[in-house]
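Just so you know, all these numbers are worked out from the coordinates, no wet-lab data involved. As the structure is a prediction and not an experimental result, all values here were calculated from the model. In this analysis, Cβ positions are derived from the backbone assuming ideal geometry, glycine residues included, and neighbour counts consider all displayed protein chains.
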Amino acid sequence: MSRGTPRSWRAAALLVTTLLLVPAVPAGADPAPAPPAGADSAFDRLAEEVESARHAAEAAEQNYTAVTGELARRRQLSADAARQAAEQRGRLADAESEAARLVSEQYRSGGLGTLARLFLSDGPEDFLDRQQRAASDSRSAATVLRDLREARNRMVLFSEQAAQAEKAASDAAAEAQRSLERAKEGATRTERLLAGATAEQIGLLEQRESALADGAARQLLAVGPGGGASAAGRRAIDFALAQRGKPYLWGGTGPDAFDCSGLTSQAWQAAGVPIPRTSQQQWAGLRHVALRDLRPGDLVVYHGDASHVALYLGGGTVVHAPHTGTVVKLAPVAMLPVLGAVRPDPDARPEPAPQPQPAPPSQPTQPSQPSPSPAPAG
């Protein structure tokens, strides 16, 4: 995210919360504490730079995760093609040996003409028998030549495929290394910014994040998770909520730590619906839904490069693994610039939202008996 982005997406955040018909942070939530007078500019600049560095690191992390998965696939393709090319080389060698044998036999038996071989044979029957075997040998030669041609073509094809797969694997490895370096650069820049911040500024950043998370938690308690979710969506929500408090870990897929897409992919895996591993793959591979049609269990994807993802709980709240140094927590859906939303189970019917249980009727109270009046003095 470029510098200044937090201001640029405020209008988008307002649109998201308007579409959802709920406030991003409930009115009763404690607002994020304001920086001290005169420090607004420095604090805003620090917050923007920290968010930009974290975004760069997370985008690179997600790309690294995706490319390393693709690298493994391409290496397997290269190995398979190389194995098939080796098999065809063996078949080609066998066909060449058989062709050489037939050519040698025909050369040795072809020195005399047909009429001479008939006259020199022990009998016409022997000659005709040899002619029949010669015809059979001719058919065998055609078969061998066909096998020879096909084996050579297949060997060339698989050799080319192996070379292409190896080149693709090499390119993927180079891209993975570049993503790794970008992720490290982003993490280092975040550490450098925080190291250069004052204790008061760091405290304000932490309080701002805590205020957002606490407000989202109160909002969720007021609305309740899972209303209108599918059966699988409810299971995904239950899984994701059970991971709260576990640390963020780049590439983490549990059970003890998660990155953002590790949490969402494992939540839906636990629900019985496998989905792609990274946020970019989830954005590219799952059914898109309009923000106004969000239902609990959907995935909300953030930033223009789809570098962050969270699981929607309902009531304008998501659960997500934010970034290094934090834990899985709740947050308002408009916490970051929203790219859009996807649904892992678009064909599943939503279940009815749980209805609040009516309060048990109160027991009627017996009217109090008036205390007897004191007897008149007599």
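Overview of values
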{"item": "Long-range HN-HN contacts of residue 230 with modeled amide H, under 5 Å", "result": "351"}
{"item": "Approximate spin-label separation residue 157-residue 253, in nm, with each point projected 7 Å along Cα-to-Cβ", "result": "3.3 nm"}
{"item": "Candidate lysines for bridging to residue 167, where Cα separation is under 28 Å - those fewer than 8 sequence places away on the same chain excluded", "result": "184"}
{"item": "Built amide H within the under 5 Å cut-off of residue 289, gap 5+", "result": "341, 342, 343"}
{"item": "Packing-based exposure ordering (other Cβ within 10 Å, fewest first) of 202, 275", "result": "202, 275"}
{"item": "Using θ = phi - 60° and Karplus 6.51 cos²θ - 1.76 cosθ + 1.60, couplings along region 164-170 (whole Hz; Gly, Pro as x)", "result": "5, 5, 5, 5, 5, 5, 5"}
{"item": "In sequence order, calculated HN-Hα J values of region 320-331 (Karplus, 6.51, -1.76, 1.60; Hz; x Gly/Pro)", "result": "7, 9, x, 5, 3, x, 10, 10, 4, 8, 8, 7"}
{"item": "Potential extension, residue 238-residue 351 segment - 0.36 nm per residue separation minus Cα distance", "result": "39.2 nm"}
{"item": "Theoretical gain in end-to-end length, residue 181 to residue 209 [0.36 nm per residue, Cα-Cα removed]", "result": "7.3 nm"}
{"item": "In order through region 43-52: 3J(HN,Hα) via Karplus (6.51 cos²θ - 1.76 cosθ + 1.60), integer Hz, x for Gly, Pro", "result": "5, 4, 5, 5, 4, 5, 5, 5, 5, 4"}
